[in-house]
Each structure stands twice: as C-alpha cells, then as structure tokens.
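First comes the structure, then the notes that go with it.
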Amino acid sequence: MKIADRDMMGGLSKGLRVIETFSAARPRQTIAEVAEGTGLDRATARRCLLTLAHQGYATWDGKFFTLTPRVLRLGTGALAAMPLPQIVQPMLDRLSEGLGESSSVAILDGPEIVYIARAAQTKIMSVGLMPGSRLPAFCSSLGRVLLAALPPEEARALLERQPRIALTEKTLTGISDIEAELARVREQGFALIDQEIEMGLRSVAVPLQDSYGRVVAALNTGVSVSRASAEALCAEFLPRLRALALELRPLLRRGN
C-alpha cells in the first residue's frame, strides 16, 4: 500500500536513518560521519543525534555518538513477535548440539542479512553474532542463498545498493563474479563460502522454504578451516542442514 507524503513524519524517517548508520564496523560516529552516511546536512544530523541522546538511545562524549542498549527495544519486540524464530530455535539448538558447531538462521533485509536465531557452540568469528546482528549479504553464505532466491534483476539491484568491500583477500566483490556464484547456488541448492567473510572461516547454507515453496529464510553452519575442508563441510554438514530444512518446511507458512 502506497502512503501519501502528507501522512509521513519526516523527522522520524530521518532519525531512523541516523540509527541505521551505526554498525559493528562503525559503533562510534561524529556528526560529520553520520551526515555523510545518511545524506543529511550536518545541522539535521546533529539534531537527530542530540534527540537520540536526550531520549537515552545514544551517548555523546562531546565528539563521538554511540548507541546505548536502549535502542534494542526497537527490535526486541519485533523479534519476539515473529513466529519464525520461535519455530526454528529449538531445532537449531538440536542441530548445533549434534554437529558440535554453531548454526544460524537469517532473513534478508535489503543488501544485508539479519540473524533471527542462533545456536552457538564455539566462537569462530572475531565479531560476536546474535539475533539482530547484521552482515553483508553479498559475501556470506546465508546472504547468497537469500539473494539467489530472488529474481536475478532484483538481486543485482540489491548488490548495486551497497559498496561491496573486500573483507578478506578471498572476498568476491565484482557483480559479475557474485552473479555467477548466485547462479551456481540456484543450480546446486546451497551456498559455500570459503574465507570470504573472515579468514579461517568456512560456512555452508541452505534455503528454508515455507509450505508453499517460497524461500523465507536461510540456515547455515560455520566451521574453522582447521575443522573441515570445503569438501568435508559439504559431505558432513550439508546433509544435516538439508534434513532440517525439509523437517521445517511444513511448519513454515506465509506470514511467518
């Protein structure tokens, strides 16, 4: 449903854009950095940041702004109200315990993935992941599964929306190279990432389909390179992921 401009709150929209500029890579920002990240002028960015600080959603040391845990209130309610995390979490815990490795479920939000459920066994990434964490879709196994489920032109539009920064020396950043990988994912039904998102980390992901055959999320597990080769990862872990995806399919319906 299209909403008329006269019914929109411009100030709220700008404030949300400001919040979205903060990330694991940019946890502390100046007014100038937020202005650049949002496209707002410095005066508007400053007012938004000071408002967030006044309401307790950010702190300010005179130069840098940092979001506070209070901002989690904006997402915790949404996650709690989503049936999908509630459905997959017990099965994800069982899978992770059986594999002895961490596993996750994520959905696509623009050019990023958002973790909605996670069962951690050992920490294999330098960045701690939890429900609500975000990663670029273009170089993550979960993201490639979700991008591959889209029409190619829609996936390309998302790839073009965000800078594709190489996170390691193995990260694919060219759109044509990524599209070739997405085509491979569509054909084989899974995505394998070998040290593209972080050196020393391999992961494999499969789509989660609802009872209508629509891809609604992605499921993965990741291991240290010392734990398994790419071939062993597919041979040992992929069948377990596919089995769980098949088990979940009748439980997932439109609206989950």
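Can you tell me which condition residue 187 does not meet? The list is (1) buried (at least 17 other Cβ atoms within 10 Å of the Cβ); (2) free of Cβ contacts under 8 Å to residues at least 12 places away in the same chain, and all the others hold.
Of everything listed in (1) buried (at least 17 other Cβ atoms within 10 Å of the Cβ); (2) free of Cβ contacts under 8 Å to residues at least 12 places away in the same chain, residue 187 misses just condition (1).
I'm trying to understand the selection: among the residues of the stretch 15-38, which are within 29 Å of residue 129 (Cβ to Cβ) and open to solvent by 40 Å² or more (accessible area, probe 1.4 Å)?
First, pick out the residues of the stretch 15-38 that are within 29 Å of residue 129 (Cβ to Cβ): 15-30, 33-34, 36-38.
Within the stretch 15-38, 16, 17, 20, 23, 24, 25, 26, 27, 28, 33, 36, 37 qualify.
Only one of 44, 59 is in contact with a strand residue (DSSP E or B) (Cβ under 8 Å, 6 or more places away or on another chain) and open to solvent by less than 100 Å² (accessible area, probe 1.4 Å). Can you tell me which?
59
Only residues that are farther than 15 Å from residue 120 by Cβ and in a strand (DSSP E or B): list them for the stretch 218-237, please.
218
As an exercise: evaluate residue 84 against (1) crowded, with 19+ Cβ neighbours inside 10 Å; (2) at pLDDT 90 or above and give the number of the one condition it does not meet.
Going through the list (1) crowded, with 19+ Cβ neighbours inside 10 Å; (2) at pLDDT 90 or above, residue 84 breaks only (2).
What number of residues within the stretch 196-223 are more than 15 Å from the chain's Cα centre (by Cα) and of a type in the set (Ser, Thr, Tyr)?
Within the stretch 196-223, residues that are more than 15 Å from the chain's Cα centre (by Cα) and of a type in the set (Ser, Thr, Tyr) number 2.
Looking at 73, 47, 6 in this structure, which one is outside any strand (DSSP E or B), without any contact (Cβ under 8 Å) to a residue 40 or more places away in the chain and under 28 Å from residue 118 (Cβ atoms)?
When all the criteria are applied, what remains is 73.
For the stretch 106-189, list the helices (runs of 4 or more DSSP H) that sit wholly inside it and hold at least 2 residues that are aliphatic (A, V, I, L, M) and more than 16 Å from the chain's Cα centre (by Cα); which are they? Give the derivation first.
Numbers: elements: 141-148, 152-161, 175-188.
Once the helices (runs of 4 or more DSSP H) in the stretch 106-189 are filtered for at least 2 residues that are aliphatic (A, V, I, L, M) and more than 16 Å from the chain's Cα centre (by Cα), what remains is 175-188.
Within the stretch 137-152, is even one residue modelled with pLDDT under 95 and open to solvent by 60 Å² or more (accessible area, probe 1.4 Å)?
No, the stretch 137-152 contains no residue that is modelled with pLDDT under 95 and open to solvent by 60 Å² or more (accessible area, probe 1.4 Å).
Taking residue 167, is it open to solvent by 60 Å² or more (accessible area, probe 1.4 Å), within 17 Å of residue 113 (Cβ to Cβ), out of contact with any strand residue (DSSP E or B) (no Cβ under 6 Å at 6 or more places or on another chain) and of a type in the set (A, V, I, L, M, F, W, C)?
On the way: open to solvent by 60 Å² or more (accessible area, probe 1.4 Å): yes; within 17 Å of residue 113 (Cβ to Cβ): yes; out of contact with any strand residue (DSSP E or B) (no Cβ under 6 Å at 6 or more places or on another chain): yes; of a type in the set (A, V, I, L, M, F, W, C): yes.
Judged against the criteria, residue 167 is a match.
Which of the residues belonging to the stretch 201-256 are over 17 Å from residue 116 (Cβ atoms), polar (S, T, N, Q) and touching a helix residue (DSSP H, G or I) at 6+ places or on another chain (Cβ under 8 Å)?
211
Which condition number in (1) modelled with pLDDT of 90 or more; (2) assigned to a helix (DSSP H, G or I); (3) over 26 Å from residue 163 (Cα atoms) is the one that residue 35 fails?
Looking at each condition in turn, residue 35 falls short on (3).
The values are calculated or read from the model by the stated rules, or taken from the named source; none is laboratory data. All of these numbers come straight from a predicted model, not from anything done at the bench. Neighbour counts are summed over all protein chains in view; Cβ atoms, including those assigned to glycine, are modelled from backbone coordinates with ideal geometry. SASA here: full protein model, heavy atoms, side chains in, ligands and nucleic acids out. Shrake-Rupley method; radii C 1.70, N 1.55, O 1.52, S 1.80 Å.
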